Amino acid sequence: MKARVHVMLKNGVLDPQGEAVRHALGAMGFDKVEGVRQGKVIDLTLAEGSSEADVTDMCEKLLANTVIESYSIEML
Amino acid sequence: MKAAVVVFPGSNCDRDLAVAFEQAGFDVSMVWHKDSALPEGVDIVGVPGGFSYGDYLRCGAIAAQSPICKAVVEHANRGGYALGVCNGFQVLTETGVLPGALLRNAGLKYICRTVDLKVATSDSVFTEGYNAGDVIGIPIAHHDGNYFADADTVAQLQDQDRVAFTYADNPNGSIADIAGILSENRKVLGMMPHPERAADEGHGGTDGVAVFRALMGIVATA
């Protein structure tokens, strides 16, 4: 089984990489882009019987730093 | 007095930090990331700069889960001294020993130059050799040095006089110009600038020496 974890910087935390992408898109003529936030996608291949609670534990302990990041989990 | 310097795969300031401790009079041993205990009787642990585990996932994140870091956290929780410089600061925030986190520099560039730091408090074993308000020249060399903590945490750090150093001219976007912070018991210091790179005439400056000398003086009499 698989799980997909999305990790994003929390709202209110400056994302300089997202800002740089936004500037670049603007410079390329994509003038309707009002904001860009860049995050990570982490795909996990898990042994059968793994639960979302296991993935939550992984997110809390390693995959996300909850001081600055939020995460969401998709069990696939 | 005994110091231990942690070595992760990708540490690159470990030997510089060891030399700075040695020159201040410490007996220094190096500890490998896979070790699960610190040497007997260690007074202070140095967590050095570098790019532990290639900065994969987040700077300091994987190092913070290494066997030696569990021992470092226990050492700090027992009231032991610890100094985290640059990547070492990132590691200490990831372990939760120090609050906040280090983000990508606001200007997105890696910055390597000597900056002016203001000593924000002399009330710690690390900063006692300075006067509050002193301006010292210490090199920075980082891509992820942009200190962030939520407003309540920053207010708490300021109210408890736990901001050790601030940037005179903020190079990386750090909140409240913060360059280094102390733990609640004031025995752990994390800072992005490198005092060990300003610890010898050959470095072009010796403004960092006072950190190690004060530490030696105080740890020795404690």
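Descriptive notes on the structure:
- With both labels modelled 7 Å from their Cα along Cα-to-Cβ, the B:Val19 to B:Arg78 distance reads 3.1 nm.
- Charged side chains reduced to their Cβ positions (Lys and Arg at +1, Asp and Glu at -1) give the protein assembly as shown a dipole of some 400 debye around its Cα centre.
- Summing Lys and Arg as +1 and Asp and Glu as -1 over all other residues whose Cβ lies under 12 Å from the Cβ of B:Val42 gives a net charge of -3.
- The B:Glu40 and B:Asp116 beta-carbon pair, evaluated with R₀ = 51 Å, returns a calculated FRET efficiency of approximately 0.80.
- In the protein assembly as shown, taking the dipole from charged Cβ atoms about the Cα centre, the farthest positive-side position among B:Gln156, B:Ala63, A:Gly39 is held by A:Gly39.
- Rounded to whole Å, the principal axis extents of the Cα atoms in segment B:62-143 read 36, 33, 17, largest first.
- Counting Cβ atoms of other protein chains within 10 Å of each Cβ in B:143-150 and taking the mean gives 2.
- Amide hydrogen neighbours beyond the local backbone of A:Glu69, cut-off 5 Å, H modeled: A:Lys10
- Added length on full extension, which subtracts the Cα-Cα distance from 0.36 nm per residue, B:Lys109 to B:Asp161: 15.7 nm
- Of the residues B:Ile178, B:Leu103, B:Phe21, the one whose Cα sits farthest toward the positive end of the charge dipole of segment B:2-221, with +1 on the Cβ of Lys and Arg and -1 on the Cβ of Asp and Glu, is B:Leu103.
- Candidate aspartates and glutamates for bridging to A:Lys10, where Cα separation is under 18 Å - those fewer than 8 sequence places away on the same chain excluded: A:Glu19, A:Glu34, A:Glu60, A:Glu69, B:Glu94, B:Asp144, B:Asp150, B:Asp152
- P(r) histogram, all alpha-carbon pairs of the protein assembly as shown included - 10 Å bins from 0, percent: 6, 27, 34, 21, 9, 3, 0
- For chain B: relative contact order, % (alpha-carbon pairs under 8 angstrom, 6 or more apart): 20
- Average other protein chain Cβ within 10 Å of Cβ, residues A:62-71: 5
- For B:Ala82, the residues whose amide H sits under 5 Å from its own are B:Val45, B:Val188, B:Leu189, ignoring neighbours fewer than 5 places away on the same chain, with H placed 1.01 Å from N.
- Relative packing of peptides B:184-192, B:52-60, A:20-28 - highest average C-beta neighbours within 10 Å first: B:184-192, B:52-60, A:20-28
- Put the Cα centre of segment A:1-55 next to the Cα centre of segment B:1-41 and the gap is 37 Å.
- Pairs from the table (B:Lys118/B:Lys187; A:Lys2/A:Lys61; B:Lys2/B:Lys109) lying more than 31 angstrom apart at Cα are B:Lys2/B:Lys109.
- The local environment of A:Ala20, defined by Cβ-Cβ distances under 14 Å, has a net charge of +2 under the rule Lys, Arg +1 and Asp, Glu -1.
- Computed from the Kirkwood radius of its Cα pairs, the Stokes-Einstein diffusion coefficient for chain B at 4 °C and 1.567 mPa s stands at 77 µm²/s.
- Computed [θ] at 222 nm, deg cm²/dmol, the protein assembly as shown (DSSP H ≥ 4; -39,500 (n - 2.57); rounded to nearest 500): -7000 deg cm²/dmol
Every number here is computed from the coordinates shown, using simple stated rules; none is lab data. It should be emphasised that the depicted structure is a prediction, and the values quoted were computed from it without experimental measurement. Cβ coordinates were reconstructed from backbone atoms using ideal geometry, including for glycine residues, and neighbour counts include every protein chain displayed.
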